[in-house]
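Inspection log for the structure reproduced underneath, given as structure tokens.
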Amino acid sequence: MNRKDIVYPFASQESALEIVKAEGSWLYTRDGQKILDAGGGAIVCNVGHARDDVLNAYVEGQREGYVLPPWRSPARTELCERLIHDWLPQGMTRMQFVCSGSEAIETAAKIALQYHAARGDKSRHQMIVRTPSYHGTTLATAALSGHPARRAGIEAALREYPRIDAPYPLRAPAATPKEELSDFYLDQLRACINTIGAEHIAAFVAEPIVGSSGGMIVPPEDYWPGVRTLCDAHGIVLIADEVMTGFARTGAKFALDHWQVRPDILVAGKGLAGGHAPINGVFARSEIGETIEAAGMTVMFHTYSALSGPCGAASKVLDILKREKLIERSAALGAKLMQDLRESLSDIEQVAEVRGRGLLIGIEVVRDRDTLERYAREDAMSGKILAEAMRRDLFFYPGGTGEVRDILCLGPPLNTPASDLDRISGIMRDAILAATSTR
Ligand SMILES: Cc1ncc(COP(=O)(O)O)c(C=O)c1O
């Protein structure tokens with residue numbers, strides 16, 4: 001069969017690249033091009049592609065065979081121990097593993113509902129969510145997400161949740177002084193709780209730093225402590241979606257650590273096996289698990305949940321993150337890359353902002369930096385910039401959704417050599433200039 005006759009993916013306007021090998025921070029195409037993976041795939045490859053030590057740990061774990069998800073296996077137990085010992089906030093002892101981030105968020109939402117039901121509080125079935133955001137692609141998680149582009153064609157089947165704005169300091173009303181920005185956004189949450197009634201609200205679901213839907217938007221400093229206080233005051237379960245930000249990506253174990261805030265349920269996993277195996281974790285405070293258990297409820301697993309192979313791969317990745325000091329490296333090299341980008345892009349009129357934390361960086365491109373007017377959708381500007389970057393052997397992860405567009409996301413492997421990271425700002429500059437000057 002001719003390769004060109006193969007239709008993949010299911011539906012797409014673009015022709016898919018064919019990658020024949022990925023190693024370290026590099027992608028190799030069938031045509032012989034070698035591309036620096038400054039997106040870490042879908043911002044997932046925290047320890048680099050296809051490491052032998054991780055792949056061996058995967059195979060070794062999988063040799064334990066198929067063990068029913070609620071049972072224990074050596075690889076599964078080791079991962080739990082490692083997470084509790086080295087990674088999870090204190091008191092967060094309950095965990096469930098699933099394959100994808102979408103399943104993990106859906107599981108977290110179900111756990112929050114079950115927790116309230118187990119306490120006899122059956123009227124709490126609403127969840128407050130934000131826009132922009134991305135929480136997954138199942139019907140439930142697409143409904144929680146503030147991601148118009150990924151709702152196309154399924155809108156009618158999605159439940160409407162009470163929705164507020166995710167903090168977006170660049171585009172906050174000009175009249176709001178910087179030091180009042182946290183209150184500005186917290187007031188929306190306060191008002192939403194009052195309108196719906198706390199007695200109906202099970203959970204608040206949010207990404208600590210908005211990922212690719214918004215382009216690494218860091219909230220104002222007092223926002224997260226304020227959210228924690230409001231959730232505590234109203235008995236609302238705080239679900240932190242750290243699928244993208246967790247496990248060292250932002251220069252901390254988890255992004256909420258930057259504000260010393262602990263969620264009630266933490267969801268994380270892109271960086272858990274770092275692209276080597278499908279595994280995401282849902283972690284909850286002990287009391288949440290105890291309450292559900294005491295009411296005789298369980299949290300159902302999927303057939304492929306917590307396979308020993310992915311658990312083994314994840315243990316190895318966690319070991320590497322610690323041994324190679326990749327949290328510290330992400331913080332230090334992320335700050336350096338951010339500074340390089342800000343300097344290198346400062347005179348480009350079409351760059352509105354470079355933002356993020358650690359090696360999770362977003363660049364927002366606009367038609368006019370003064371008014372923040374965006375390019376028209378038909379201009380497909382981020383696609384053009386990506387094409388220019390690929391021509392220069394660099395991949396970044398294009399982001400944005402709906403009105404939030406032309407967002408360029410960087411999330412290279414945390415162990416990318418400094419000399420390779422140093423090339424990113426120059427290539428991004430050339431790619432943005434080339435794309436914006438030709439339209
Ligand atoms: C913040 C966040 N939540 C959830 C998801 C969904 O994860 P998955 O694609 O593994 O279902 C993603 C994926 O990009 C994400 O970035």
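The values are calculated or read from the model by the stated rules, or taken from the named source; none is laboratory data. As the structure is a prediction and not an experimental result, all values here were calculated from the model. With ideal geometry, Cβ positions are generated from the backbone for all residues, glycine too; neighbour counts draw on all protein chains shown. What goes into the accessible areas is simple: the full protein's heavy atoms, side chains included, and nothing from ligands, DNA or RNA. Shrake-Rupley method; radii C 1.70, N 1.55, O 1.52, S 1.80 Å.
Order the peptides 360-371, 304-315 from the highest to the lowest mean number of other Cβ atoms within 10 Å of their residues. Mind dumping the intermediate values first?
Details: 360-371: 20.2, 304-315: 26.1.
Going by the mean number of other Cβ atoms within 10 Å, highest first, we get 304-315, 360-371.
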How much of the DSSP beta bridge set in the chain is antiparallel, as a percent to the nearest 5? 65 percent
Between the DSSP loop rule and a limit of at most 12 other Cβ atoms within 10 Å, which GluC sites (Glu not before Pro) in segment 118-188 are left? GLU160
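Using only the heavy atoms of the protein chains and a 1.4 Å probe, how would THR141, THR77 rank by accessible area, largest first? Numbers along the way, then the final one.
Details: THR141 0, THR77 45 Å².
Accessible-area ranking of THR141, THR77, largest first: THR77, THR141.
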Sorting PHE396, PHE301 by accessible area (1.4 Å probe), largest first, what list results? PHE301, PHE396
Using a Gaussian network model of the chain with C-alpha springs under 10 Å, which one of SER145, SER182, SER212 is most mobile by mean-square fluctuation? SER182
Expressed as a whole number of Å, what is the distance separating the alpha-carbon centroids of segment 323-344 and segment 16-32? 25 Å
Whole-percent carbon and sulfur contribution to the accessible surface of segment 52-323 (1.4 Å, no ligands, DNA or RNA) stands at 54 percent
Label point 7 Å beyond Cα of GLU60 along Cβ direction - residues of segment 293-324 with amide nitrogen under 18 Å: 307-324
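Could you sort LEU238, LEU333 by accessible area so the largest value comes first, with the probe set to 1.4 Å?
Working: LEU238 0, LEU333 40 Å².
These residues rank, largest area first, as LEU333, LEU238.
Which order do the peptides 260-269, 201-210 come out in when sorted by mean C-beta neighbours inside 10 angstrom, highest first? All intermediate terms of the calculation are to be shown ahead of the outcome.
Values: 260-269: 23.6, 201-210: 26.7.
The peptides rank, most packed first, as 201-210, 260-269.
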HN-Hα couplings for segment 309-322 via Karplus (6.51, -1.76, 1.60; θ = phi - 60°), in whole Hz with x for Gly/Pro, come out as x, x, 5, x, 4, 5, 4, 5, 4, 4, 4, 5, 4, 6
Which of ALA240, ALA112, ALA152 moves the most in a Gaussian network model of the chain with Cα springs under 10 Å? ALA152
Within straight-line cross-link reach of LYS336, aspartates and glutamates at Cα separation under 14 Å, skipping those fewer than 8 residues along the same chain: GLU328, ASP420, ASP422
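Net charge within 11 Å of THR416 by Cβ-Cβ distance, Lys/Arg positive one each and Asp/Glu negative one each, not counting THR416 itself?
On the way: positive: ARG329, ARG423; negative: ASP37, ASP420, ASP422.
Net charge around THR416: -1.
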Using a 10 angstrom cutoff on alpha carbons, build the Gaussian network for the chain and name the most mobile of ASP86, ASP31, ASP53. ASP31
Proximal aspartates and glutamates relative to LYS122, as straight alpha-carbon distance under 15 Å, when same-chain residues fewer than 8 apart are discounted: GLU199
Entries in LYS34/LYS322; LYS178/LYS253; LYS270/LYS322 that, when Cα-Cα distance is taken, lie over 20 Å: LYS34/LYS322; LYS178/LYS253
What does the accessible area per residue of the chain come to in Å², with a 1.4 Å probe and no ligands, DNA or RNA counted? 43 Å²
How much accessible area does TRP259 have with a 1.4 Å probe, in Å² rounded to the nearest 10? 10 Å²
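Decide, for the chain, between rounded, prolate and oblate: order the square roots of the alpha carbon gyration tensor eigenvalues as a ≥ b ≥ c, take rounded if a/c falls under 1.5, and otherwise choose prolate if a/b is larger than b/c, else oblate. Walk me through the numbers before you get to the answer.
Values: a/c = 1.63, a/b = 1.16, b/c = 1.41.
Oblate shape, in that a/c is at least 1.5 and b/c is the bigger or equal ratio.
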